[in-house]
Ligand SMILES: Nc1ncnc2c1ncn2[C@@H]1O[C@H](COP(=O)(O)OP(=O)(O)OP(=O)(O)O)[C@@H](O)[C@H]1O
Ligand SMILES: [Mg+2]
């Protein structure tokens, strides 16, 4: 199993949209895929139809307080074949800290607990780099960084780069950078092309050439609780996430 953590310390850059839609494409391409929501705001969970305000299912919170720590009970099949979700809920952050105060171990979600049937695990992280994000980083093989095509977002990237660097030095030397890719890319503007060029200079081959353009269908799909490939199969966002996913699978070698 390969574990991919999707992170960027800036909020609203497209982490959740990308984690969900890349995971859904992996599933569509025949990979048994799990997506874990490490964000108490539960964006990934809602995007896949597990809205904690509408219909409560077992989440990572239940797992944390379960005596047996059985992760299986909190893993739910999605409507997309081959795709499962490990949802979050708003209490997750408090629960995590409470358990952390009681136990010596710092990380509660470990590679050994993920059922072996899954070939890929995507972890969607909150924008803050608290204990949940650190747990995901501690167990990941790869980090994948979505970058919003805005100049201000570029300036903040140094914080994410620094965190990845520190993670590799102190927490998880095994962590590799899978890549950086551009989201919210507005082809009509020159600044989007300039940003791409700057990223190309900064990251070289780590920058994926596949970009995700602005696409309102991505917003609608999230609201409908579905990945874009089932909500709007012919949308540009579906095609772009498909191309990006194929490139990522090639990099991972699966
Ligand atoms: N390519 C896109 N085109 C248009 N809207 C998008 C695109 N990608 C994401 N969005 C929208 O932008 C908003 C932020 O996206 P998303 O929730 O994926 O970001 P995030 O990085 O997970 O945010 P947070 O840091 O708050 O978790 C959402 O409303 C989403 O639907
Ligand atoms: Mg998010």
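At a glance:
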| quantity | calculated |
| --- | --- |
| Sites residue 171 and residue 53, calculated FRET efficiency, Cβ-Cβ separation with R0 41 Å, nearest 0.05 | 0.75 |
| Order by protection proxy (mean Cβ within 10 Å, highest first), peptides 148-154, 206-212 | 206-212, 148-154 |
| For the stretch 2-252: relative contact order, % (alpha-carbon pairs under 8 angstrom, 6 or more apart) | 27 |
| Relative pair counts by distance (%), Cα atoms of the chain, 10 Å bins | 7, 33, 38, 18, 3, 0 |
| Over the stretch 1-149, relative contact order from alpha-carbon pairs under 8 Å, at least 6 apart, % | 44 |
| Residues 71, 218, sorted so that the one with the fewest Cβ neighbours within 10 Å comes first | 71, 218 |
| Among beta bridges that DSSP assigns inside the stretch 2-252, antiparallel share in %, nearest 5 | 5 |
| Relative packing of 136-142, 62-68, 9-15, which averages over residues the other C-beta atoms within 10 Å, highest first | 136-142, 9-15, 62-68 |
| Pairwise label distance in nanometres, residue 65 with residue 110, each label 7 Å out on the Cα-Cβ vector | 2.3 |
| Kirkwood-Stokes translational diffusion coefficient of the stretch 64-205, alpha-carbon pairs, 37 °C, 0.692 mPa s, µm²/s | 187 |
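Rule-based calculations on the coordinates, nothing more; no lab input. What you are looking at is a predicted structure, and each value in this text was computed from that prediction instead of being measured. For neighbour counting, all protein chains shown are included, and Cβ atoms are generated from backbone atoms with ideal geometry for every residue, glycine included.
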